[in-house]
1. Which of the strands (runs of 3 or more DSSP E) contained wholly in region A:141-219 include at least 2 residues that are under 30 Å from A:ILE437 (Cα atoms), open to solvent by less than 30 Å² (accessible area, probe 1.4 Å) and not β-branched (Val, Ile, Thr)?
2. Quick one: which of A:PHE84, A:PHE61 is surrounded by 14 or more Cβ atoms within 10 Å (Cβ to Cβ), touching a helix residue (DSSP H, G or I) at 6+ places or on another chain (Cβ under 9 Å) and at pLDDT 95 or above?
3. Among what's in region A:242-256 and is in a loop (DSSP other than H, G, I, E, B) and either in contact with a Lys or Arg (Cβ under 8 Å, 6 or more places away or on another chain) or modelled with pLDDT of 95 or more (or both), pick the residue that is most open to solvent (accessible area, probe 1.4 Å).
4. Answer yes if at least one residue in region A:367-382 is touching a residue at least 24 places away in the same chain (Cβ under 8 Å), surrounded by 15 or more Cβ atoms within 10 Å (Cβ to Cβ) and among the acidic types (Asp, Glu), and no otherwise.
5. Is it fair to say A:TYR445 is open to solvent by less than 40 Å² (accessible area, probe 1.4 Å) and within 15 Å of A:ALA517 (Cβ to Cβ)?
6. Could you tell me whether any residue of region A:280-295 is within 30 Å of A:ASN446 (Cβ to Cβ), more than 16 Å from RNA strand B (Cβ to nearest atom), basic (Lys, Arg) and under 16 Å from the mean Cα position of the chain (by Cα)?
7. If the requirement is being more than 17 Å from the chain's Cα centre (by Cα), of a type in the set (A, V, I, L, M) and modelled with pLDDT of 95 or more, which of these qualifies: A:LEU215, A:LEU183, A:LEU175?
8. If we scan region A:413-421, do we find a residue that is surrounded by 23 or more Cβ atoms within 10 Å (Cβ to Cβ) and assigned to a strand (DSSP E or B)?
Amino acid sequence: MINLGRHEKVMEIALRRGFLWPSYEIYGGSSGFYDYGPLGAALRKNILDIWREFYCVREGFFEISSPTIGPEEVYIASGHVKSFVDPTVECKKCGEVYRADHLVREVLGMETDGLTTDELNRHIEGIKCQKCGGGFGEVWTYNLMFRTHIGPGEKKVGYLRPETAQGMFILFNRLYGFYRKKLPFGVAQIGRAYRNEISPRQGVIRLREFTQAELEIFVSPGEKTHKDFGKVSGDSLRLVPRDGSEIEISAGEAVSRDIIAHELLSYHLILTKNFLECVGIPREKIRFRQHLKTEMAHYAADCWDAEVCTDRFGWVEVVGIADRTDYDLKAHESQSGVELKSFTPFDSPKFYRKKIVVPDMAKIGPDFKGRAGQIVERLKGLGEDEIAAFDEEGYIEFDGIRLDRNYVSIKEVEEKVTGEKITPHVIEPSFGIDRIIYCLLEAAYNERDGRNVLSFKPRVAPIQVGVFPLVAKDELTAVARKIYSKLRGEGYYTVYDESDSIGRRYSRIDEIGVPFAVTVDFDTLKDDTVTVRERDSTNQTRVKIGELKDKLTIGKMFP
RNA sequence: GCGGCCAUGGUCUAGCGGUAGGACUCAAGCUUCCCAAGCUUGCUGCCCGGGUUCGAUCCCCGGUGGCCGCACCA
């Protein structure tokens, strides 16, 4: 299953030709960080352009950009301060490190969710190391967020965001207004996120700073549908549901058979699959795996990962598509005290008859003096049943006070309700761009006659055209340089090369995935034609210089 | 975070207690009428810090980074 050769060759090309460089090399490096070189940055740009085309243009989700550092409250609300930690314990004798909660759960057979460090410590006192029988040290928690301080001094704690999502939840009211107070709406953010991983390895698969492209789609809880679902419901998905089976099933059927929770999730699985294929991940290397209940994030109700099959790492999670329900909005609402709700008007207002209690302050005030305020507060909070009982019995008792009916008037009024406030649910497709780039590099890699070829689609290739004089003679280079300039003027990412043999030059650009080579030869001088060589087939066709643009098709955005 | 292995030009590697050689790449030139041809010339290197030593790229310690295993993985 593991094929070291392929991975190593891809990474070697990535390093040597300027796709990916380990960061801070001149200072000895720092693991978990990678620089994108010129070709890597261009590749990423092209992938992000396609992503924007899919989501911002086609789905109409506008992109925002929020800060990467947030005050502590944000991540207290989101649950990251508390939950984004691993309680860890180490054997004092043999140094074996355990997840403290897993250890307690396994040895004592108890549920460990929500236990504090102190509680875990108490449980662990009686446990011996399973390897050597030694005793354990203190439980310590490791929070994976980078912590910092905002402003001078250490009073104001901040964190580097572990996901771009929170920035979008926090803007809910602004965004809701921007979208003119209608559900559903979606918002996109592309940006860096930070996780201080214990042991980042596997190249660009697990980074401490990485690029996410995330969408938050706010919907009514009861309307997890998509107007275009009909167009994709026949498309097939390769699914690995919770039961561990692997099935090929249409998007529509997956919903009707309750494998995928709802249409909207299913729609986004299809969209994700189309996106991955569009950037160049082969269909047969894509599948969607449903999270087990136990591995689901603290906020998720249902979650499917898009996984790509790699030679080196097996199935790699590249996109998470989660139904976060109302977890985040409710959490920020309660932390901030600001209401984060949408308002849905009814078709026509509804009228309710209900009884209300109106306190007679002229009586309550003098008789109860200092406690009057408290009484009024209690009366405001009475439920309908309590009011009815008050009305019937003629008195009410609370907080040791007996309040007679003649301190209030109880009236029946008609209340007009024009709609309802709800906390929207959130569907979140979250793309790990760096992982997608690795998968793409691996998928694009081929060998031909012992030489390296990266078969990028023209649309994602960092450089689209190479322009070469067949040999470096002045009469040919002059024409080639003109074409080089002309193509750049038309918007192609183009390189010019006149050194070495023509074969070597073709080979050089094959290795960085340039799809087209335009070669100027001696016939060009007679009839204004050049050859266009296609990277994957190496086929050449002669075309008029003026018709180059028709031949160098970078490809339609959508297949 | 723990354990094992490792660290030499851009890449891959040889070698040694007296500061290094090769292959490929890259650059310049010659050559070259379509798939890494050939010739000449050239640039670039012992991961970092400390110790031992007259002298350390080499030995020792620590760090950093890489790979593997454990653990972890929203």
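1. A:185-194, A:209-219
2. So the residue among A:PHE84, A:PHE61 that is surrounded by 14 or more Cβ atoms within 10 Å (Cβ to Cβ), touching a helix residue (DSSP H, G or I) at 6+ places or on another chain (Cβ under 9 Å) and at pLDDT 95 or above is A:PHE61.
3. Of all residues in region A:242-256, those in a loop (DSSP other than H, G, I, E, B) come to A:242-246.
Now narrow it down to the ones that are either in contact with a Lys or Arg (Cβ under 8 Å, 6 or more places away or on another chain) or modelled with pLDDT of 95 or more (or both): A:242, A:246.
Working: A:ARG242: 75, A:GLU246: 90 Å².
Taking the candidates together, the pick is A:GLU246.
4. No.
5. Numbers: open to solvent by less than 40 Å² (accessible area, probe 1.4 Å): yes; within 15 Å of A:ALA517 (Cβ to Cβ): no.
No; evaluated as a whole, the condition is false for this residue.
6. Taking region A:280-295 and keeping what is within 30 Å of A:ASN446 (Cβ to Cβ), we get A:280-289.
Cutting the leftovers down to more than 16 Å from RNA strand B (Cβ to nearest atom) gives us A:280-287.
If we keep only those that are basic (Lys, Arg) as well, we get A:283, A:285, A:287.
When the remaining residues are screened for being under 16 Å from the mean Cα position of the chain (by Cα), the result is none.
Scanning region A:280-295 turns up no residue that is within 30 Å of A:ASN446 (Cβ to Cβ), more than 16 Å from RNA strand B (Cβ to nearest atom), basic (Lys, Arg) and under 16 Å from the mean Cα position of the chain (by Cα).
7. Details: A:LEU215 fails: more than 17 Å from the chain's Cα centre (by Cα); A:LEU183 fails: modelled with pLDDT of 95 or more.
Selected residue: A:LEU175, the only one of A:LEU215, A:LEU183, A:LEU175 that is more than 17 Å from the chain's Cα centre (by Cα), of a type in the set (A, V, I, L, M) and modelled with pLDDT of 95 or more.
8. no
The values are calculated or read from the model by the stated rules, or taken from the named source; none is laboratory data. All figures in this text were calculated on a predicted structure; none of them were measured in a lab. Cβ atoms come from the backbone with ideal geometry, glycine included; neighbour counts cover every protein chain shown. Quick note on the areas: whole protein, heavy atoms, side chains included, nothing else; ligands and nucleic acids left out. Shrake-Rupley method; radii C 1.70, N 1.55, O 1.52, S 1.80 Å.
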